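Novice: Structure in structure tokens, see below.
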Amino acid sequence: MSADANGWNEGIFYVGSYGEKKDATIHVCKIDKETGALSVVQRVEGVENASFLSLHPEGKRLYAAKEIEQSNGVAGGEVVAIAIQPDSGLLGEVTSLASTLGAHPCYISVNEAGTALYAANYTGGSVSLHPLTADGELEAASAVMQHECEPGPIADRQEKPHAHCVSPVPGTSLVCAVDLGMDAVVTYRHEGQALVKTDEAKFFGGAGPRHIAYHPVLDAAYVANELASSVTLLRIDRAAGVLSVEQTYSTLPEGYDGYNDSADIHVSSDGRYLYSSNRGHNSIAVFAISSETGELSPVQHIGCGGELPRNFGMTPDGNYVLVANGKTNNIAVFRRDQEQGTLSPTEHELELNIPVCIRFGL
């Protein structure tokens, strides 16, 4: 499947959800690019707690993390590879699987070359590296990096390491692991079949860093801090493999003092705007990005169209943002003004059970 054939030109996207093996936890969906209307075209069962998804860069496979503690008597969750039909974007059978050798993998990503998949094991407090074959099939983990730390200031969430995200830095061999329990981003260099640690960027105590997004032009990264409801700007030294913490911005409007934690974060493909989801305030925070410094300026807070927005996604054409609201079991559609960066609600939504991850076809 490619953008020149059916892929995004047909508006295909994939949704991962929590659920048991008997449940449909992966859905192939479609958005009408003119109206924003959503529909389900396929429901896939058999993948327990498919809480995070990633795609092979050539569109050969959809990968799903099974966020479980153990599988078939082996400690650790799993990641599975599912064949994508090139003519339609529909899903076939599971073609390979691998243990992540750590409990509850909650995030997976694939490098630009399509030669490796990385998994973040939340309860296990580790990240694993899985080589991929030329056909995109998963091989057994070639490296598992166990994080270590003293308990953090928020005792019920930072009693030990909790790797929440692992993501390669575009155009490099660097891989960043965001650890909520450590209050840190650990940077590795992918060398052969190994991950070699190059840096550990420490955040302030109780930040609870969760997800990371990269600027497409600047040497800058942005981390959504779940426990502190904020976004931190980091500078990337690509040669040294070092990230430096610069500034932190609240994702909440002034005067709000209710419960909240931040979840997902995305930067627009033109690098002009950043979006972060708030659970509790139930909103999407929009920031403008300085083209020179990467610094943020608040633009908008808009209700997310439901409750507890976890993951969300921006359509490849930049015209829509789709928000997965886990508590209200819906995906809400927002139209995006590409010039101003602002979002506006549409009448469209899709009812799905506990949607937690959205990924667009290629």
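We did not get these values from a lab; they are worked out from the coordinates using the rules stated. These numbers come from a predicted model, not from an experiment. Positions of Cβ are generated from backbone atoms using ideal geometry, with glycine treated the same way; all protein chains shown enter the neighbour counts.
Novice: Using a 10 Å cut-off around each Cβ, can you sort ASP264, ASP257, ASP135 from fewest to most neighbouring Cβ atoms?
Specialist: So the ranking, lowest neighbour count to highest, is ASP257, ASP135, ASP264.
Novice: Have a look at SER51, GLN338, GLY114 and report the one farthest towards the positive end of the charge dipole of the chain, computed about the Cα centre with Cβ charges (Lys/Arg +1, Asp/Glu -1).
Specialist: SER51
Novice: Then there is this: Provide, as a two-decimal number, the C-alpha radius of gyration of the stretch 237-316 over 2.2 N^0.38 Å, N being how many residues it has.
Specialist: Against the compact-globule rule of thumb, the ratio is 1.19.
Novice: Could you sort the peptides 223-234, 265-276, 87-98, 283-294 by per-residue average Cβ neighbour count (10 Å cutoff), highest mean leading?
Specialist: The peptides rank, most packed first, as 223-234, 265-276, 283-294, 87-98.
Novice: How much space per residue, in cubic angstrom, does the convex hull of the C-alpha atoms of the stretch 183-337 take up?
Specialist: 129 Å³
Novice: Between LYS202 and GLN338, take the C-beta separation as r, use R0 = 41 Å, and let me know the FRET efficiency to the nearest 0.05.
Specialist: 0.70
Novice: Quick check: Cα centre of the stretch 228-271 to Cα centre of the stretch 104-140, how many Å?
Specialist: Result: 24 Å between the Cα centres.
Novice: Could you work out how far apart the two model spin labels at ASP156 and GLU292 are, taking each label as a point 7 Å from the Cα in the direction of the beta carbon, and quote it in nm?
Specialist: If labels sit at ASP156 and GLU292, their model points lie 4.6 nm apart.
Novice: Above 17 Å lies some portion of the pair distances; for the stretch 1-79, what is it as a whole percent of all C-alpha pairs?
Specialist: When every Cα pair of the stretch 1-79 is considered, 52 percent fall beyond 17 Å.
Novice: Can I ask one more? Quote to one decimal, in nm, the extra length available between SER39 and GLU347 on full extension: 0.36 nm per residue of separation minus the C-alpha distance between them. Kindly include the intermediate steps, with their values, before the conclusion.
Specialist: On the way: separation 308, 0.36 × 308 = 110.88 nm, distance 1.36 nm.
Contour length minus the Cα-Cα distance gives 109.5 nm.
Novice: Along the charge dipole of the chain, pointing to its positive end and built from +1/-1 on Cβ of Lys, Arg, Asp and Glu, which listed residue (VAL217, LEU97, CYS176) has its Cα farthest out?
Specialist: Looking along the dipole axis, the top candidate is LEU97.
Novice: Now a separate question. To one decimal place, what Kirkwood hydrodynamic radius in Å is obtained for the stretch 132-258 from all pairs of distinct Cα atoms?
Specialist: It works out to 15.4 Å.
Novice: Tell me which of ALA239, THR293, ILE31 sits at the most positive position along the dipole axis of the chain, charges placed on C-beta atoms (Lys, Arg +1; Asp, Glu -1).
Specialist: Highest projection toward the positive end goes to ILE31.
Novice: For the stretch 2-136, what is the per residue volume of the convex hull drawn over the alpha-carbon atoms, in cubic angstrom?
Specialist: So the per-residue Cα hull volume is 105 Å³.
Novice: Thinking of the chain as a set of Cα atoms, what percent of all their pairs are more than 33 Å apart?
Specialist: Cα-Cα pairs of the chain separated by over 33 Å account for 21 percent.
Novice: Hey, how much of the P(r) for the stretch 57-167 falls beyond 20 Å, as a percent of Cα pairs?
Specialist: Summing the P(r) of the stretch 57-167 above 20 Å gives 40 percent of all pairs.
Novice: Can you tell me the convex hull volume per residue for the stretch 283-362, based on C-alpha atoms, in Å³ to the nearest whole number?
Specialist: Once divided by residue count, the hull of the stretch 283-362 is 103 Å³.
Novice: Which residues in the stretch 147-181 place their backbone N less than 12 Å from a point set 7 Å from the Cα of ARG238 along the Cα-to-Cβ direction?
Specialist: Under cut-off, by backbone N: 169-174.
Novice: May I pose another question? Nothing charged except the Cβ atoms of Lys and Arg (+1) and of Asp and Glu (-1): what's the magnitude of the dipole of the chain about its Cα centre? Round to the nearest 20 debye. Before the final figure, lay out the partial values.
Specialist: Working: 23 positive and 45 negative charges, 34 e Å.
Dipole about the Cα centre, nearest 20: 160 debye.
Novice: Taking the Cα centre of the stretch 1-138 as origin and charging only Cβ (+1 Lys, Arg; -1 Asp, Glu), how large is the dipole, in debye to the nearest 20?
Specialist: Approximately 160 debye in magnitude.
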